[in-house]
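Visitor: Once you've had a glance at the structure underneath, I'll fire off some questions.
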Amino acid sequence: MILRARGLVKSYHGVDAAPTRVLRGVDVSVDNGVIISIMGPSGAGKSTLLHVLGSLDRADTGTVELCHNDRWIDLQTATPAVLSEVRAHAIGIVYQFHHLLPEFTAVENVMMPARIVGVSKSESRSRALKLLERVHLSHRADHLPSELSGGEQQRVAVARALMNQPRIVLADEPTGNLDTENAEQVSDLLIEMVRERGSSCIIATHSAELASRADLRYIMIDGVLTQC
Ligand SMILES: Nc1ncnc2c1ncn2[C@@H]1O[C@H](COP(=O)(O)OP(=O)(O)OP(=O)(O)O)[C@@H](O)[C@H]1O
Ligand SMILES: [Mg+2]
């Protein structure tokens with residue numbers, strides 16, 4: 001097992017409005033090499049859950065534990081230094097909107113996670129070029145994100161997420177912003193590359209087609225996660 005979360009509850013507190021309960025006691029476990037999909041209506045709490053599981057946000061109560069270097073680490077209580085280490089090495093993230101750094105080229109964006117953990121420039125570059133080849137973008141390696149199509153940008157984002165061989169990839173509507181053809185290509189690449197590396201993956205998606213390709217399918221409604 002790579003990730004286990006128990007009893008996650010989270011509310012957002014507006015200035016005047018009553019608090020919105022977004023997670024209402026979510027339990028989820030992710031085994032090694034397993035791909036999980038989460039579907040559910042807009043506002044159900046899918047992104048919130050992924051943020052909590054990826055340690056980008058904290059739940060009000062509950063635990064999120066991730067296995068890193070054979071140790072279970074509670075992401076809810078870990079120090080900032082431990083969280084940075086875990087995020088850099090163990091977790092890969094793909095967002096709906098790629099979040100590439102606009103002033104860096106495709107290959108530089110893919111190199112970034114490796115550079116952050118201290119891999120040399122030449123080694124990072126050669127690994128990034130291999131990943132770009134894998135997502136059929138060798139010919140665009142030196143282009144800026146603004147010079148790439150939406151589908152190409154998203155393929156760079158997939159390559160970047162896999163750069164440090166993460167144990168788990170969290171993908172929040174990775175195809176949400178793409179036409180059918182590009183969505184299919186990005187889905188294929190994401191799933192193939194996660195499987196090749198034996199990583200685990202959680203995909204939040206509105207695409208029934210993408211969701212159906214997961215090993216386990218969940219639906220989230222009003223902050224409650226249920227296996228289909
Ligand atoms: N920072 C915030 N402050 C207050 N409320 C928030 C905040 N972020 C999210 N919410 C609310 O929490 C609820 C869940 O949002 P979330 O983004 O997790 O839904 P989602 O399932 O990912 O939806 P979508 O399918 O549209 O991406 C929504 O009602 C949203 O308005
Ligand atoms: Mg969302």
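The values are calculated or read from the model by the stated rules, or taken from the named source; none is laboratory data. Since the structure is predicted, the reported quantities are computational estimates derived from the model, not experimental observations. Every residue, glycine among them, receives a Cβ derived from its backbone with ideal geometry; neighbour counts consider all protein chains shown. Calculation scope for accessible area: heavy atoms of the full protein, side chains included, ligands and nucleic acids excluded. Shrake-Rupley method; radii C 1.70, N 1.55, O 1.52, S 1.80 Å.
Visitor: For the stretch 135-163: of the residues being surrounded by 21 or more Cβ atoms within 10 Å (Cβ to Cβ) and in a loop (DSSP other than H, G, I, E, B), which is farthest from the chain's Cα centre (by Cα)?
Guide: Once the filter is applied, the top-ranked residue is L137.
Visitor: Are any residues in the stretch 184-207 open to solvent by 10 Å² or more (accessible area, probe 1.4 Å), of a type outside the set (K, R) and more than 16 Å from ligand 1 (Cβ to nearest atom), and if so, which ones?
Guide: Within the stretch 184-207, E184, Q185, D188, I191, E192, E196, G198 qualify.
Visitor: Here's another thing I want to ask about it. For the stretch 7-69, give me every one of the strands (runs of 3 or more DSSP E) that falls completely inside it and has 3 or more residues that are open to solvent by 20 Å² or more (accessible area, probe 1.4 Å) and within 15 Å of ligand 1 (Cβ to nearest atom).
Guide: The qualifying strands (runs of 3 or more DSSP E) are 20-30.
Visitor: Only residues that are touching a residue at least 40 places away in the same chain (Cβ under 8 Å) and more than 16 Å from ligand 2 (Cβ to nearest atom): list them for the stretch 12-27, please.
Guide: R21, R24, G25, D27 - these are the residues of the stretch 12-27 that are touching a residue at least 40 places away in the same chain (Cβ under 8 Å) and more than 16 Å from ligand 2 (Cβ to nearest atom).
Visitor: Considering each residue of the stretch 30-47, count those that are hydrophobic (A, V, I, L, M, F, W, C) and either more than 16 Å from ligand 2 (Cβ to nearest atom) or free of Cβ contacts under 8 Å to residues at least 40 places away in the same chain (or both), and give that number.
Guide: Within the stretch 30-47, residues that are hydrophobic (A, V, I, L, M, F, W, C) and either more than 16 Å from ligand 2 (Cβ to nearest atom) or free of Cβ contacts under 8 Å to residues at least 40 places away in the same chain (or both) number 3.
Visitor: Taking L178 as the residue in question, decide whether it is part of a loop (DSSP other than H, G, I, E, B), modelled with pLDDT under 95 and either open to solvent by less than 50 Å² (accessible area, probe 1.4 Å) or touching an Asp or Glu at 6+ places or on another chain (Cβ under 8 Å) (or both).
Guide: Judged against the criteria, L178 is a match.
Visitor: How about the stretch 96-112: which of its residues are closer than 24 Å to V86 by Cα and either in a loop (DSSP other than H, G, I, E, B) or open to solvent by 30 Å² or more (accessible area, probe 1.4 Å) (or both)?
Guide: If the condition is that a residue be closer than 24 Å to V86 by Cα and either in a loop (DSSP other than H, G, I, E, B) or open to solvent by 30 Å² or more (accessible area, probe 1.4 Å) (or both), then Q96, F97, H98, H99, L100, L101, E108, M112 are the ones that fit.
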